[in-house]
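Structure, as structure tokens:
The values are calculated or read from the model by the stated rules, or taken from the named source; none is laboratory data. Quick caveat, the model's predicted, so the values are computed rather than measured. As a convention, Cβ positions derive from the backbone with ideal geometry for all residues, glycine included, and neighbour counts pool all protein chains shown. Accessible surface is based on the protein model in full, side chains and every heavy atom, while ligands, DNA and RNA are left aside. Shrake-Rupley method; radii C 1.70, N 1.55, O 1.52, S 1.80 Å.
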Amino acid sequence: MKITKEVKASILVLSAIALLIFGYSFLSGKNLLRTDRVFYAMYDNVEGLSTSSPVTINGFKVGKILKIEFADAKGSLKVTFSVSNKFKFGKNSTAKIYSMGFVEGNGLAIVPEKNPTEFAQSNDFLKSNIELGMVDSLKNQLSPLQAKVETVLSKTDVLITSLNKVLNEENTTVISKSLKDLSSSLQSLKYTTGTAQSLISENQLKLSQTITNFSEASNGIKLLSTKLSNAPVDELITELDATVNTFSTIATNLKSGKGTAGKFLNNNDVYNNLDRATRQLEMLLQDMKLNPKRYVHFSVFGKKNKEYNKPNDSLQ
């Protein structure tokens, strides 16, 4: 049977269309000659994940992202991905979005379930998870530091404002004057220090002698203290105690009227008699002074004594 040109043209067109569809599917990540397993995962945010991004298991590429679409009105995203490898993993395995670097972007890693009891089948939904990338991790670490820096900057701004208020023209003049006064005080202190040093240098010999004399005096005091500590203090105290007891006994006897001294101190009659005798002696001496002839009489011819007449100026 002879094939007409129309049939040949139709076959050629159909072959071109099939080749075009196969090439487009291949370039889109679909291989029409292979039957890969398809899985799904739900995310609130895919962190820049895109179609044709690789799907890996333990770092080994086993598939790729087929489709990313909105699943509901809340904005949840449904990620469809294929797994061409026949490796079996648990149904509770996790589909984790991770960062492959600044250039490669993000990928999807399947974290297999440990000790699975049931294996995942095509068209199953896997658990979803997102691993923070380097930038996000660094951002989370720098967020508290950023807050602290902002607080410090705010306080610094308040401090600078306060300094500007303090350092106005009037206060600047006062501060300048204070600094000048402080400089003058330092100069005076420097002069005083130099004068003191000169005085010390000039009187260094005298100071040395004074210190030596003080040292000798200290040695003398130390020697005196040693002698006092070695003195028979106990015997001295005993003798002093005996003396005090003796004086105490004498005082007791005097107070009680024992002995001559005690009677003299405590008997008023003795005092009165002594006082009377003293007055009489004084009267006698006065009378002898005024009338000496009454007591001393001398007569050559034996003249008779005159009759005694009491003088008017004599003491009673």
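Before we move on, is SER215 of a type in the set (Gly, Ala, Ser), at pLDDT 75 or above and open to solvent by less than 80 Å² (accessible area, probe 1.4 Å)? First the steps, then the outcome.
On the way: of a type in the set (Gly, Ala, Ser): yes; at pLDDT 75 or above: yes; open to solvent by less than 80 Å² (accessible area, probe 1.4 Å): yes.
Against the criterion (of a type in the set (Gly, Ala, Ser), at pLDDT 75 or above and open to solvent by less than 80 Å² (accessible area, probe 1.4 Å)), SER215 qualifies.
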* Structure fact -> When restricted to LYS165, LYS139, the only residue at pLDDT below 80, among the basic types (Lys, Arg) and surrounded by fewer than 10 Cβ atoms within 10 Å (Cβ to Cβ) is LYS165
* Run down ILE68, ILE110, ILE97 and say which single residue is modelled with pLDDT of 90 or more, within 22 Å of TYR40 (Cβ to Cβ), under 50 Å from the mean Cα position of the chain (by Cα) and part of a strand (DSSP E or B). => ILE97
* To do: Say whether the condition of being under 20 Å from MET42 (Cβ atoms), at pLDDT below 90 and in contact with a Ser or Thr (Cβ under 8 Å, 6 or more places away or on another chain) is met by at least one residue in segment 119-131.
  => yes
* If GLY75 satisfies every condition in (1) open to solvent by less than 30 Å² (accessible area, probe 1.4 Å); (2) in a strand (DSSP E or B) but one, which is the exception? -> (2)
* Asked: If you go through segment 101-129 one residue at a time, how many are over 13 Å from PHE81 (Cβ atoms) and either touching a residue at least 40 places away in the same chain (Cβ under 8 Å) or open to solvent by less than 40 Å² (accessible area, probe 1.4 Å) (or both)?
  -> 5
* Which numbered condition trips up ILE57, out of (1) in contact (Cβ under 8 Å) with a residue 60 or more places away in the chain; (2) surrounded by 13 or more Cβ atoms within 10 Å (Cβ to Cβ)? -> (1)
